[in-house]
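Chemist: Structure below; questions to follow.
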Amino acid sequence: MPSNTKVEVRRSPRRRRTVSAYRDGDTTVVLVPATFSQAEEKRWVGRMLQRLEAREGRRHPGDRELHERALELARRYLGGTELPDSVRWVDNQNSRWGSCTPETRTIRISRRVAGMPSWVVDYVLIHELAHLFIPHHGREFWDLVRRYPKAERARGYLEGFSAASRGEACDPSAEEDDEELDTAEVAFEE
């Protein structure tokens, strides 16, 4: 368990046999039956923390796995002719899902995406890989991105996620303002 994680145990009289756990910010919440003894509670808290860690470990691949996945997606959906030299997770992108520098063939993906469904991560990778071909968000770019079968679904997921985190409604009619982006580094912003 990360050192900055607090554990909150919630006992429920309605719970009979099930135990569950989830992360809420920097707190891990473990839900247990009210009838558990202190020893049972301690044992189950430890077990649930291990399960969460294992699940999160599967969801958070390292840079090598991310790069391999990008190569596979580039070959499958984009012809495999424009491959990145580097693909890595970064912690300093809080208003972007990813970014690409076509000149250095470098792709960076925000670690915030790591816990999202794999088809959303794949979409963000496809989006950045498409920038290796086309640095702007014009029609040809979106034609490339739409080769990924779940592109629209993933885009909707990200729009909903962004709106929910800001506490506002989604506006699907809003268009991206591409004029402000420097073509040396193309960013996929929220």
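The values are calculated or read from the model by the stated rules, or taken from the named source; none is laboratory data. All values derive from a computational prediction rather than experimental measurement. Cβ: placed from backbone, ideal geometry, glycine included. Neighbour counts: every protein chain shown. Just the protein is used for accessible areas: all its heavy atoms, side chains included, with ligands, DNA and RNA removed. Shrake-Rupley method; radii C 1.70, N 1.55, O 1.52, S 1.80 Å.
Chemist: Can you put 6, 42, 150 in order of accessible area, largest first, using a 1.4 Å probe? Each step should come with its number before you reach the end.
Modeler: On the way: 6 110, 42 160, 150 85 Å².
The ranking, largest first, comes out as 42, 6, 150.
Chemist: Of 106, 28, which has the most accessible area with a 1.4 Å probe, and how do the rest follow in descending order? Walk me through the intermediate numbers first.
Modeler: Details: 106 25, 28 0 Å².
Highest to lowest solvent-accessible surface, that is 106, 28.
Chemist: Convex hull volume of the Cα atoms in segment 55-130, per residue, in Å³?
Modeler: Working: hull volume 6.2 nm³, N = 76.
Taking only Cα atoms, segment 55-130 has a hull volume of 81 Å³ per residue.
Chemist: On to the next question. Need one value: the accessible area of residue 44 in square angstrom, 1.4 angstrom probe, rounded to the nearest 10.
Modeler: About 50 Å², rounded to the nearest 10.
Chemist: Suppose R0 equals 30 Å; then what is the FRET efficiency for residue 65 and residue 157 from their Cβ-Cβ distance, rounded to the nearest 0.05? Could you put the intermediate results ahead of the total?
Modeler: On the way: r = 21 Å, r/R0 = 0.70.
It comes out at approximately 0.90.
Chemist: How far, in nm, would the chain grow between residue 8 and residue 118 when pulled straight, counting 0.36 nm per residue and subtracting the alpha carbon separation?
Modeler: Fully extending the segment from residue 8 to residue 118 adds 36.7 nm.
Chemist: Kindly report, to the nearest 10 Å², the accessible surface of residue 134 as traced by a 1.4 Å probe over protein heavy atoms only.
Modeler: 30 Å²
Chemist: Check which residues have an amide H placed less than 5 Å from residue 28's amide H, if you skip close sequence neighbours.
Modeler: For residue 28, whose amide H was placed from the backbone, the distant partners under 5 Å are 6, 7, 8.
Chemist: A further question on this structure: Work out, step by step, the length gained on full extension between residue 50 and residue 104: first 0.36 nm times the residue separation, then minus their alpha carbon distance; give nm to one decimal.
Modeler: 15.5 nm
Chemist: Using only the heavy atoms of the protein chains and a 1.4 Å probe, how would 118, 110 rank by accessible area, largest first? Show your work: numbers first, answer last.
Modeler: On the way: 118 80, 110 0 Å².
Per-residue accessible area, sorted high to low, gives 118, 110.
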